[in-house]
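Computed from the coordinates by the stated procedures, all read-outs in this text should not be read as laboratory data. Note that the structure is a prediction, hence the values are computed from the model and not measured.
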Amino acid sequence: RVVFETGPLSVWFYHALIEEGVPAICIDARHAKAVLDMAPNKTDAADALAMARLLRVETEFLPTVLLDDVSTELRLLSDHRDNLVAERTRLINQLHAQMLQIDPCYEEKSGALTSLAGVRSCRDLEIPHAEGVIRTRLLIVRQLVSQILQLAEAIETVETALTQRVQESATPLV
């Protein structure tokens, strides 16, 4: 039997071991850390020995981690959505900074940038005879708006896929 802790490659490792006919147990990394922290030496060999002892003594009581494909899909979708939202927030902050330089009172006219209407209002901003820095800022604003709108569409697509996958799996997350 092989025991290992959760990590970025644990799903792949688990399935590879099972395909080879090797019994595998994946345990929560926090539980493994608690055991490994008790070892006097911090070496790979000492960690392997501690994990082997853990497996031998506590096999029935180990909190195992389910490495099914559904949980992997949900985690992938959720992590991807979080990354897209973080990127959108970063771009909205840049847009806000540019708009403040163009018009410090822009929010009174456009509304909050947390709404797509507020973002689109920035895209549609017209300043006749804009020159120099203002013209450059308007170019940047339009590009930022384009990227934000693309991210909003991507976030919606991922959220739809995530909701659909949760409903299909009958997971009580929604």
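Computed extension gain for residue 15 through residue 133, at 0.36 nm per residue and net of the alpha carbon distance, reaches 36.8 nm. Applied to region 41-52, the Karplus parametrisation 6.51 cos²θ - 1.76 cosθ + 1.60 on θ = phi - 60° returns per-residue 3J(HN,Hα) values of 10, 10, 10, 4, 5, 5, 5, 4, 5, 5, 5, 5 Hz, with x for Gly and Pro.
So what's the angle, to the nearest 10 degrees on a 0 to 90 scale, between helix 132-169 and the longest Cα principal axis of the chain? Compared with the principal axis, the helix lies near 40 degrees.
Taking only the C-alpha atoms of region 70-165, Rg followed by Dmax gives 16.0, 56 Å. Residue by residue, region 19-24 carries 3J(HN,Hα) couplings of 4, 7, x, 9, x, 10 Hz when phi is fed to the Karplus relation 6.51 cos²θ - 1.76 cosθ + 1.60 (θ = phi - 60°); x denotes Gly or Pro.
Within the listed set 158, 22, 70, the residue fluctuating most in the Gaussian network model of the chain (springs between alpha-carbon atoms under 10 angstrom) is 22. Distant-in-sequence amide contacts of residue 3, defined by a placed amide H-H separation under 5 Å and a gap of 5 or more residues or a different chain, comprise 25.
Computed over the alpha-carbon atoms, the chain gives an Rg to Rh ratio of 1.23, Rh here being the Kirkwood radius from the mean inverse distance.
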